[in-house]
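Notes follow once the structure below has been shown.
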Amino acid sequence: MNGTKRLAQYLFGLDESEEVGQEETEKVSFALEKLPADDKALISKRYGIGEDRQYTLKELADMFGKDREWVRHQESRILNALQREICK
């Protein structure tokens, strides 16, 4: 499964076995485009969007020069922003 579908599954509260539709994927893609560049980079790497794989909290912490808790907090903040955007 690609990263955008994985993220859509999470944002729409679907189980791993539930299929993500085109409409949901498009909403997530549109919402991602509205994010600031740093937020988009972090969440894209975390979910493997446009990447070969998903990155761990530790790997992202090292990339951004922060700790895992900072990454976890940023991820939560970004996911909340994305959920607000797709529920408009």
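The values are calculated or read from the model by the stated rules, or taken from the named source; none is laboratory data. The structure displayed is predicted, hence computed values, not measured ones. With ideal geometry, Cβ positions are generated from the backbone for all residues, glycine too; neighbour counts draw on all protein chains shown.
Restricting attention to the stretch 44-88, the residues being in contact (Cβ under 8 Å) with a residue 12 or more places away in the chain, more than 18 Å from residue 8 (Cα to Cα) and out of contact with any Lys or Arg (no Cβ under 9 Å at 6 or more places or on another chain) number 2. Among the candidates 19, 69, 51, 24, the residue that is within 17 Å of residue 85 (Cβ to Cβ) and acidic (Asp, Glu) is uniquely 24.
Out of the residues in the stretch 43-88 that are surrounded by fewer than 13 Cβ atoms within 10 Å (Cβ to Cβ) and among the polar types (S, T, N, Q), state the one that is farthest from residue 29 (Cα to Cα). Checked the stretch 43-88; the qualifying residue farthest from residue 29 (Cα to Cα) is 76.
The numbered conditions (1) out of contact with any Phe, Trp or Tyr (no Cβ under 9 Å at 6 or more places or on another chain); (2) modelled with pLDDT under 95; (3) not in a helix (DSSP H, G or I) are all true for residue 35 except (2). Being assigned to a loop (DSSP other than H, G, I, E, B), under 12 Å from the mean Cα position of the chain (by Cα) and at pLDDT 95 or above: is that true of residue 43 here? Taking the combined requirement at face value, the residue does not satisfy it.
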